[in-house]
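Asks: Following this message is one structure expressed as structure tokens.
Please treat every number below as a calculation from the coordinates, not as lab data. The structure presented is a predicted model; accordingly, all values stated were derived computationally and were not measured. When we count neighbours, we look across all protein chains shown, and the Cβ atoms used for this are built from the backbone with ideal geometry, even at glycine.
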Amino acid sequence: MVPDDLALAGPDTARLADRLLRTGRPFHAHEVLEASWKSAPPGERDLWQGLAQIAVGLTHAHRGNARGAVVLLRRGAQRVRAYRDQAGPTPGRDHPYGIDTAAVLAASDDLAARIERHGLTGIPAGDLLPGLLTAQ
């Protein structure tokens with residue numbers, strides 16, 4: 001369980017959430033990301049809220065709720081895009097804290113589309129374990 005008063009710096013949040021997602025614990029990743037969303041400066045809130053919503057979408061997928069997964073994956077991707085689009089092209093918007101926003105968005109969009117078309121049956125388990133950080 002994540003403490004209610006969790007306060008991590010951006011890079012620490014990104015690393016912890018990445019590890020939780022890659023190990024199949026998207027609900028816990030959501031809690032970590034939500035803590036950052038609530039304490040982030042206004043210019044970063046869409047990023048953290050979007051990532052938290054994507055984690056909830058993955059939680060729904062893990063629990064067999066295809067409709068909830070699609071809705072939250074898309075809603076989260078929309079928020080991450082809003083973050084990236086703020087004030088036009090700005091250095092750091094594509095890889096804040098090492099987060100590969102392009103890869104996160106591509107994975108979320110692809111997964112939502114596949115679930116919407118075919119349901120959760122046939123989705124490889126590895127596709128429900130995306131990371132946030134640039135490939136290492």
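Asks: Let me check against my output: what whole-number percent is the relative contact order of the range 10-128, with C-alpha pairs under 8 Å and at least 6 apart?
Replies: Computed over the range 10-128, the figure is 23 percent.
Asks: Ok, one more. So who's got an amide H within less than 5 Å of the one on L133, skipping anything under 5 residues away but keeping other chains? H placed 1.01 Å off N, in plane.
Replies: D100
Asks: Oh, and also: Determine the dipole magnitude for the range 93-136: charges of +1 sit on the beta-carbon of Lys and Arg, -1 on that of Asp and Glu, nothing else is charged, the reference point is the Cα centre, and the result goes in debye to the nearest 20.
Replies: 60
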